[in-house]
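Notes follow once the structure below has been shown.
The values are calculated or read from the model by the stated rules, or taken from the named source; none is laboratory data. Keep in mind it's a predicted model, so treat the numbers as computed, not measured. Cβ atoms come from the backbone with ideal geometry, glycine included; neighbour counts cover every protein chain shown. Surface accessibility is based on the protein's heavy atoms, side chains included, excluding ligands, DNA and RNA. Shrake-Rupley method; radii C 1.70, N 1.55, O 1.52, S 1.80 Å.
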Amino acid sequence: VAPAERLYTNPVYRWSISYPSSWTVDSGDLSFVRIALSADNALCGVHSGAVPFKTVDEFTDTTLANNERYFRDRGQVFVISARRQISLPNDIIGNDVLTGIGAGGKSRRVYILADGRGFMIDCETYVKDWDRLEPFYDRIVRSFTLGK
């Protein structure tokens, strides 16, 4: 049985996501909402905003290239280990990318483009905690829906 869930709805960018009730939401910046369980080094951030891209692939490729440059400029690694298309509720199609980040980090990033709005769900933690937290990340990612 899944633990109790809560629902967060972003009033500006019109998306909703479910998350475990023991986690906290920091929505002080509506363009970057953080859902976390600090004691477990668990974090899912949802970045939202207007973007100039015409396709989700263009959005994904540009953002990944920027992330790679960001980490490289700091002498850290950013390695893409898997990339696939994902289908989410409300006929949302996105790109689902697994990456190795920094020294011992792992991240699952899902890129979505809808009506000129770009969304990136970025769930990350340390590699040592990944297998334990990944089922929570998967439920959070798969609950993402967009309002009109």
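Just a few scattered comments:
- Charged-residue dipole, Cβ positions (Lys, Arg, Asp, Glu), segment 43-101 about Cα centre, Debye nearest 20: 180
- Ignoring aspartates and glutamates fewer than eight residues from Lys128 along the same chain, the ones with Cα atoms less than 16 angstrom from its Cα are Asp40.
- Charge dipole magnitude, Cβ of K and R +1, D and E -1 - segment 1-56, Cα centre, debye nearest 20: 240
- Residue among Asp29, Asp138, Asp61 with the largest mean-square fluctuation in a Gaussian network model of the chain, springs linking Cα atoms under 10 Å: Asp29
- GNM on the chain, alpha-carbon springs under 10 angstrom: the most fluctuating residue among Gly45, Gly28, Gly100 is Gly28.
- Extension gain, Val127 back to Phe32 (0.36 nm per residue minus Cα-Cα distance, nm): 31.9 nm
- Set of lysines with alpha-carbon distance to Lys148 below 19 Å, sequence-local pairs under 8 removed: Lys54
- Extension gain, Ser81 back to Arg6 (0.36 nm per residue minus Cα-Cα distance, nm): 23.9 nm
- For segment 98-148: rounded, prolate or oblate by the Cα gyration tensor [a/c cutoff 1.5]: oblate
- Overall form of segment 62-137 per C-alpha gyration tensor (a/c, 1.5; a/b vs b/c): oblate
- Relative contact order [Cα under 8 Å, 6+ residues apart], the chain, whole percent: 25
- Portion, in percent, of the accessible area of the chain that falls on carbon or sulfur, probe 1.4 Å: 52
- FRET efficiency for the Tyr70 to Asp40 pair, using the beta carbon distance and R₀ = 25 Å, is estimated at 0.50.
- When the square roots of the Cα gyration tensor eigenvalues are ordered a ≥ b ≥ c, the ratio a/c for segment 1-76 is 1.5 or more and a/b does not exceed b/c, which makes its shape oblate.
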